Structure formats: C-alpha cells, structure tokens
Amino acid sequence: MFAKIAESKWMKFVLFITTFAFVGTAFVAIVIYKLAGNISGAAVVNGKEISLQEFYYQVNIIQNRLENQGIDTAPLKKEIYDQALESVIDRELLFQEAEKEGIAATKEEVKKAILDIEAFKEDGKFSKDRYIALLSGINISPQLFEEIIRKDISAQHIFSFLELSFYLSEDEVDSYINKQLSKISGSFLYIKPEPLKISENEAKKYYEKHKNEYTGKEGKEVIIYRIDINKKDQEKAEKLAKDLFLKLKKGETDKETKEIKIIFKDIIYEDTESIPNIPKELKEKLKEISDKKSIIFVKTDDAYYLSKFLKAVKEPLPYEKVKEKIYSKLKEEYEKRSIKDLYEKITKESDKNIQLLMKKYGGVLENIKDETVRDIIVRYGLTPDYMKQFIREKNGIIPLKEGILVYNIEKVIPPTDKESEELKKLVKPLLKKEKYNTILQMYIDKLRKDAEIIKNERILR
C-alpha cells in the first residue's frame, strides 16, 4: 500500500530542505537546556521527549518554504516557532498512534525512502559519504534524520487509513451545490444607523480622559542628590552618602538638608546631556537607571551623587497628532453600539413588514429576482453560513458590520440537473479534500485532548 511513499511530495520537499544550512542549533540547544528547567527538549508528549534539534529542523523547513515564496521571515519569528512546535508535537502524536495500531514505519521503509532521495546520490547511486556530509552540514545526526523520516512515513500510514475510512455522500455534494446555485427572489432592506457627528469639543474631552493611551516618548522620573565632600571632614560626607544610599534602597526618599541637596527632580529621556549641574559620568549612568536598577551612585573629587528611579513615565502625544485616531475610535465605538441598538429595536417590532420598516428607519430596498444565493452573499459581504439560512428561512434580520439587513424571500428555485452536474465535476474533489482535512484535524485534536503534552515555553519567547 505504501510502496510509493518515497515518491511523495513530502520526500521531494525533504530533498529540497537537505540543502539548507542549519546554523547554530547546537549552541542554541545548550542555552535553552540551561534555561528550560526539567524539559531539556522542545516538548514532552506522553512521556516522550522531542529534541531541540528536531524542533529547529522544523523551524528551518518552515522558514525555507516562506523565503522561497519571497516572504521576509524576520518579523515572523514567533509565528514560525509556534507553528514548528505544534508541527513536531502533531508528528509525535501521530507516530505514537501508528505504533499503537501496529502500522509504524519499518526500518526497511525508512531505508528505502532515504536511498531514494536524490540529494544523497552520486551518479544515480546512494552515497553514504554524501549522506553523512549533507546531514553534517545541517547539523543533524543520521539517527535523528532517520527518526524524523520514520515518524513522517508512519504519519502517512495513518493518513492513508483515514482516507480509506471516510466517505463523501452524494447528498452532501447535492446539498452544497443546491446552496450555491439555488436562485432566490425577494426583498432585501439594508438599514444603516444615523451617521455620527463628532464635535471638536467631544474629541478633546475623549483625549483628556484617555491621553495616556496615546503616548510618544518614554521617560523616567528621577531624583538626584548631591553631597559635597569637605576635604577637612571627608568621613562625614562618606557617612551621609552611605546612610542616604541605605534609605533609598529601602524605598525611602530624603528631604533636602544643609548637607544633602536635591539638585534635580524631574523626568529624563534618552538624552541626559541636557541635565544641568551633574558630572558626565553620571549622565552616562543615568541612561541605565530603571525599576530594576533603581539607584545610581557616583563619586567625584568634590561630591557624592545618588540618583533614585521614581517611576516610568510616558509622554502623551499632542492632541493634533492623535486627532484622527480619536475620531476613528469614536466612530468605531458608535457604530458597534448603534448597530446593536438598531438590531434590538427592529427585532422588537411587532410588524416586520419591509415597507413599514423602510418608512420608519430608512435604508436601501432592493427587489431581487432569480439571483443565486452565492451572488447575494457576495453582494452584502456575508459569510457562507447564511446560504442555508436564505434557503430555509423566508424572513430574517442579520446584523452586519455597518448596518442591518432585513430580508423577505418570496421564491427559491433549485438548480437544474445540468447546472448541478457541471458544478459537481468541479467541486466534488474539493469537497472531498475539505472533508478529509476536517476529519484529519478532528483526529489530531482528539489525540491532543487525550495526550499529556508539556511544552518548553522558553523557546517561544
């Protein structure tokens, strides 16, 4: 049954991947191992650990595929890592299930699959030296590569059995075609809420209330103390500095005295050069001050300087710069609220005659004749779920993103036999594939639900 596994698209894909340089995996693996607590691999599935090498191999498969489609993968690191982790977990689940069912790939199948990979051949024959060299080039051992091949072939065995076990009935195909091609006639009233008129005063009030949400530069509020060093009594200055340091460390602040002067209490940004009356060394160190490094201590020939981080500050952007965003936000909030209110009002109307509703609420009325359900779905920007509703329910009210659709279906004409047969030839393979993918996903979801899965979350950070 599985004799042609090695000729599959997957194997062609492996052939391509084996040319990719897999740089730095060993180093990354060591670092992650130290940070990951009890999980030294990427994940543990039902007590079986998935190695970091397998995870990073999968990461590079995904990256290579995207890059060959002309996609910049740099901003997609998190998504790629998430997908890679889920992929290796699913592969392990399917392999474990294949083992339970007694259909896991044999050593002979793995050997045959590897021998048939063109990348490992010289003059048309498998070359062990080339095989080892290529795997070494992508920093993966032959043992791990063979394990991955075995898992994938085993997963293919599961897929083959699932494909044999499901059936797409003619009723399912006919139902789909009927929904797509049925022609309907009726009235459709599209009602929009009254347009929002936002005053300048209202927008400014919103800004004042929410301006912390519209931030620009991030700064730090700090306080800087100076204790002068009297050359005749240096020990006194040193003691004052130590006592102040201990107070600041406890979270206390000190009032200004004759010996301890507050020379600065304000917000600083990245540019610390503008802070007056402090030495250059302190200006440099203030760039590092934060809630984690909350005290900076600097000594010069003539003074001690102690700086304390008070709080992080975000500088609000001026109203004019965020005005358009505020208008958009108010408009969005109004539309959601007004559509909800309008929908509730219309549904509570005792008489839902379309003509009466149009007189009361306005809107655009269209009398549609013999249009396919599919065309109406597109016209009003609806989801395909409404296909069945239009055929089964003669009257209805649908809330949309920008308004309310009220409809009254007067007639439904099913497609002719000729129309059905023409579309059936096109959609049957697609429906079969869609149903198979749905069943496969449900199968994997069930495996996941019944499994004990521990992920190494650190590799996703």
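The values are calculated or read from the model by the stated rules, or taken from the named source; none is laboratory data. Given the structure is predicted, the values throughout are model-derived calculations rather than measurements. When we count neighbours, we look across all protein chains shown, and the Cβ atoms used for this are built from the backbone with ideal geometry, even at glycine.
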Q: Can you work out which of the residues in the stretch 281-309 that are crowded, with 16+ Cβ neighbours inside 10 Å and among the hydrophobic types (A, V, I, L, M, F, W, C) is farthest from ALA203 (Cα to Cα)?
A: ALA303
Q. For the stretch 227-277, which residues satisfy the criterion of being touching a Leu at 6+ places or on another chain (Cβ under 8 Å) and either in a helix (DSSP H, G or I) or under 14 Å from LYS299 (Cβ atoms) (or both)?
A. ILE227, ALA241, LEU244, PHE245, LEU248
Q.
Could you check the stretch 410-461 and list, in sequence order, the residues that are among the acidic types (Asp, Glu) and closer than 28 Å to GLU92 by Cα?
A. GLU434, ASP445, ASP450, GLU452, GLU457
Q) Does ILE71 satisfy being surrounded by fewer than 19 Cβ atoms within 10 Å (Cβ to Cβ) and part of a loop (DSSP other than H, G, I, E, B)? A) yes
Q) Can you name the residue in the stretch 40-62 that is out of contact with any strand residue (DSSP E or B) (no Cβ under 6 Å at 6 or more places or on another chain) and part of a loop (DSSP other than H, G, I, E, B) and, of all such residues, is modelled with the lowest pLDDT? A) SER40
(Q) Based on this model, can you work out whether LYS352 counts as farther than 16 Å from PHE188 by Cβ and either without any contact (Cβ under 8 Å) to a residue 60 or more places away in the chain or of a type in the set (A, V, I, L, M, F, W, C) (or both)? (A) no
Q: Pick out the one residue from ILE391, ILE398, ILE413 that is closer than 18 Å to TYR190 by Cβ and among the aliphatic types (A, V, I, L, M).
A: ILE398
Q. Scanning the stretch 111-156 for residues that are hydroxyl-bearing (Ser, Thr, Tyr) and surrounded by 19 or more Cβ atoms within 10 Å (Cβ to Cβ), which turns out nearest to ASN437 (Cα to Cα)?
A. SER154
**Q.** Test: TYR190 is in contact (Cβ under 8 Å) with a residue 12 or more places away in the chain, surrounded by 13 or more Cβ atoms within 10 Å (Cβ to Cβ) and not assigned by TED's automatic domain parsing to the domain that holds LYS331
**A.** no
Q: Evaluate the stretch 410-418: report whether one residue or more is in contact with a Phe, Trp or Tyr (Cβ under 9 Å, 6 or more places away or on another chain), part of a strand (DSSP E or B), at pLDDT below 90 and within 25 Å of LYS369 (Cα to Cα).
A: yes
Q: Give me the pairs, please: first residue somewhere in the stretch 173-184 and of a type in the set (Lys, Arg), second residue anywhere and outside any loop (DSSP other than H, G, I, E, B), beta-carbon distance under 7 Å, and either six or more positions apart or on two chains.
A: LYS179/VAL373; LYS179/MET387; LYS179/LYS388; LYS179/ILE391; LYS183/ASP370; LYS183/GLU371; LYS183/THR372; LYS183/ILE413
Q.
Give all pairs with beta carbons closer than 9 Å in which a residue from the stretch 146-164 that is under 13 Å from LYS111 (Cα atoms) meets a residue that is polar (S, T, N, Q) and in a helix (DSSP H, G or I); count only pairs at least 6 apart in sequence or on separate chains.
A. ILE148/GLN58
